[in-house]
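Here's the structure, in structure tokens; my notes come after.
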Amino acid sequence: MQYKNKWIVAVAFALFSFAAWADSPVNKVPVLPAYKAECSACHLAYPVGMLPAPAWKNIMGGLQKHYGTDASLDTATVTQIGKWLEANAGTYKRVSEVPPENRISKSAWFIRKHDEVSPSVFKRASVGGPGNCAACHSAAADGNFSEHQIRIPK
């Protein structure tokens, strides 16, 4: 009987630990000030761990045509941000693939995490599309995407 209790405690601890990890901030890396300044001028400075290094390299190599906008930067800034992105990019399994168009919102893990969200929600003017994380994730700017802090606007 005592063996079963230890097993139950171990499983409960593992589940609690996983739940705490799953709800923890994605952005555990201190944000490079140049990255935050340049990228958040137009959109959320996405946590670096949300994409693998090859996707970030593709993005930094195409800033003159950055999703329909010219987001060109001087060479020194591109080098600085690029090195930081590569050094801190996501390396764990869920972000190992380069998603279509290097878009976080087209990655398999993003689609899986948002499968219960109706496509019509992303079309709302108050949401503005799947790339506008902060519309629903109130602490997205801090890298926190906890399901406990989701508020879907009408």
- Task: State the number of residues belonging to the stretch 78-104 that are farther than 21 Å from Pro130 by Cα, β-branched (Val, Ile, Thr) and surrounded by 16 or more Cβ atoms within 10 Å (Cβ to Cβ).
- Result: 2
- Note on the structure: Counting only helices (runs of 4 or more DSSP H) entirely within the stretch 21-128, those with at least 1 residues that are without any contact (Cβ under 8 Å) to a residue 12 or more places away in the chain, within 25 Å of Ile150 (Cβ to Cβ) and among the aromatic types (Phe, Trp, Tyr) are 119-123
- Which one is nearest to His43 (Cα to Cα), of the residues in the stretch 101-137 that are β-branched (Val, Ile, Thr) and under 14 Å from the mean Cα position of the chain (by Cα)? Ile104
- Take Ala108 and decide whether it is among the small types (Gly, Ala, Ser) and buried (at least 17 other Cβ atoms within 10 Å of the Cβ). no
- Note on the structure: Checked the stretch 58-68 for anything modelled with pLDDT of 95 or more and out of contact with any helix residue (DSSP H, G or I) (no Cβ under 9 Å at 6 or more places or on another chain); matches are Gln64, Lys65
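The values are calculated or read from the model by the stated rules, or taken from the named source; none is laboratory data. Note that this is a predicted model, so its numbers are computed, not measured. Positions of Cβ are backbone-derived with ideal geometry, glycine not excepted, and every protein chain shown enters the neighbour counts.
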